[in-house]
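Here's the structure, in structure tokens; my notes come after.
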């Protein structure tokens with residue numbers, strides 16, 4: 001077994017593994033391997049002359065706690081059936097984590113098929129979405145103000161502006177640029193999707209959706225005001241001869257449920273969406289700006305079974321709004337796994353929840369740790385909506 005980065009002549013082999021393991025359309029697979037795939041971000045396992053396992057590390061910039069971080073999104077983790085059960089996934093994930101650390105990346109994300117597979121590698125649940133399932137007739141009363149137009153590249157600056165406004169109260173988003181939207185146009189087109197912008201005294205919102213039989217799936221519905229939202233809900237209703245219901249994915253702080261005539265006739269649920277991982281705990285904590293004039297200090301033992309640099313006792317000191325973090329050979333005031341430290345660092349949970357999740361009483365974690373972590377970590381509403 002050899003683990004390495006892919007070579008230029010191996011794209012067809014990697015595509016074959018992808019096609020075997022994932023049920024994607026030909027148009028989507030062609031888009032992915034033409035526009036997203038890079039051999040420099042692809043890790044493979046070969047047995048003899050055959051590539052039997054692979055994954056990709058798609059590059060994104062994430063806005064996490066008001067800082068922009070280069071991040072690898074782990075996708076396409078796949079192994080051919082004849083070698084499953086031999087520990088290849090464990091080895092390829094161990095190799096990948098070491099590579100991300102060596103490259104200087106501080107965080108990573110991953111969309112799991114099964115959370116149990118990735119928790120053992122230190123990835124943990126950090127993002128939810130709100131999912132509405134609505135009878136399309138329930139949207140009949142809304143009215144369209146202004147007009148909707150098919151989106152093209154001339155709208156990119158408007159899309160960036162709408163997205164920034166809509167997501168201003170959320171955390172953990174992708175930093176969106178011209179290239180981001182140009183790529184998204186190709187992705188949506190490859191899946192036979194549609195993108196429209198709502199215009200009413202300026203561009204006020206946009207919608208990305210897909211038609212699947214008698215259902216519409218709305219991947220994004222971003223808006224700058226309620227009138228724009230109502231206009232786009234009416235636009236959805238105008239598909240009532242084609243669709244019986246619509247499924248809308250939204251951030252957990254979305255406002256749709258407040259304007260439905262009878263929310264009880266709709267299904268509204270929280271959908272787990274994305275996992276995260278801290279790759280370099282020391283540097284990530286030191287990158288934070290802490291809005292506090294307190295001077296606090298504690299020793300915390302962190303357990304990380306895959307990255308030894310994150311494993312051990314850390315002295316964490318808050319001074320002048322910044323953290324100083326270093327490994328020490330000392331007793332500790334509290335203990336957490338890298339999974340819990342990831343959820344705290346991504347602002348998905350707060351310290352009180354961290355104690356509950358880990359079945360710890362306040363007596364098992366010193367007052368120093370509790371006060372320090374309550375100052376460092378603030379729970380926020382995380383949102384991300386990337387699929388590859």
- Enumerate the residues in the range 194-228 having an amide nitrogen under 17 Å from the point lying 7 Å beyond the Cα of residue 240 toward its Cβ. 214-216
- Message: For a test of the definition: using alpha carbon positions, the gyration tensor, and the 1.5 limit on a/c, classify the range 154-307 as rounded, prolate or oblate.
- Response: prolate
- Task: Restricting to the chain, compute how many DSSP beta bridges are antiparallel as a %, nearest 5.
- Result: 85
- Item | Rounded to 5, percent antiparallel among DSSP beta bridges of the range 290-376 | 75
- Item | Length added when fully stretched, residue 59-residue 16, from 0.36 nm per residue minus Cα-Cα | 13.2 nm
- Query: Just how far, in whole angstrom, is the range 269-320 from the range 59-134 if you go by their alpha carbon centroids?
  - Reply: 18
- In degrees from 0 to 90, rounded to the nearest 10, what is the angle of the helix 88-102 Cα long axis to the longest principal axis of the chain? 80
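Out of every Cα pair in the range 216-320, what percent are spaced more than 21 Å from each other?
Counting every Cα pair in the range 216-320, those more than 21 Å apart make up 59 percent.
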- Given the convex hull over the Cα atoms of the range 41-81, what projected area results after averaging over all orientations, in nm²? 3.4
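For the chain, what is the calculated [θ] at 222 nm in deg cm²/dmol (nearest 500), taking -39500 (n - 2.57) for each run of four or more DSSP H residues and dividing by its residue count?
-8000 deg cm²/dmol
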- Query: Could the peptides 347-356, 278-287 be put in order, highest first, of the mean number of other beta-carbon atoms found within 10 Å of their residues?
  - Reply: 278-287, 347-356
- Query: Mind checking Rg over Rh on the range 290-376, alpha carbons, Kirkwood formula for Rh?
  - Reply: 0.93
- Item | Over the range 56-139, equivalent-ellipsoid semi-axes from the Cα gyration tensor in Å | 29, 22, 11
- Query: Rounded, prolate or oblate: which fits the range 96-240 when a ≥ b ≥ c are the square roots of the eigenvalues of the alpha-carbon gyration tensor, with rounded for a/c under 1.5 and prolate only if a/b beats b/c?
  - Reply: prolate
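Rounded, prolate or oblate: which fits the range 327-388 when a ≥ b ≥ c are the square roots of the eigenvalues of the alpha-carbon gyration tensor, with rounded for a/c under 1.5 and prolate only if a/b beats b/c?
In terms of gyration-tensor shape, prolate.
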- Query: Roughly how large, in nm² to one decimal, is the mean projection of the convex hull of the alpha-carbon atoms in the range 231-388?
  - Reply: 13.3
- Once both axes come from the Cα atoms, what is the angle between helix 226-237 and the longest principal axis of the chain, in degrees from 0 to 90, rounded to 10? 60
- the range 57-124: antiparallel bridges as % of DSSP beta bridges, rounded to 5, reads 65
- Calculate how steeply helix 156-166 sits against the longest principal axis of the alpha-carbon atoms of the chain, using the helix alpha-carbon long axis, and give the answer as 0 to 90 degrees to the nearest 10. 70
- Note on the structure: Rounded to the nearest 0.05, FRET efficiency between residue 131 and residue 330 (Cβ-Cβ, R0 41 Å) equals 0.35
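Please report, in cubic angstrom per residue, the volume enclosed by the convex hull of the alpha-carbon atoms of the range 1-102.
On the way: hull volume 12.2 nm³, N = 102.
Per-residue hull volume (Cα only) is 120 Å³.
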- Inter-site label distance for residue 175 and residue 70 at 7 Å from Cα along Cβ, in nm: 1.1
- Going highest first, how would you order 182-189, 325-332 by mean Cβ packing within 10 Å? 182-189, 325-332
- Task: For the range 192-232, restrict the atom set to alpha-carbon positions and state the Rg and Dmax in Å.
- Result: 10.9, 34
- Query: Give me the log10 of I(q) over I(0) for the chain at q = 0.06 Å⁻¹, as the Debye formula computes it from C-alpha points; what are the numbers?
  - Reply: -0.27
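No value in this document is a laboratory result; all are computed from the given coordinates. Predicted, not measured: the structure shown is a model, and the values here were computed from it. Counting neighbours? That spans all protein chains shown, and the Cβs are built from the backbone with ideal geometry, glycine included.
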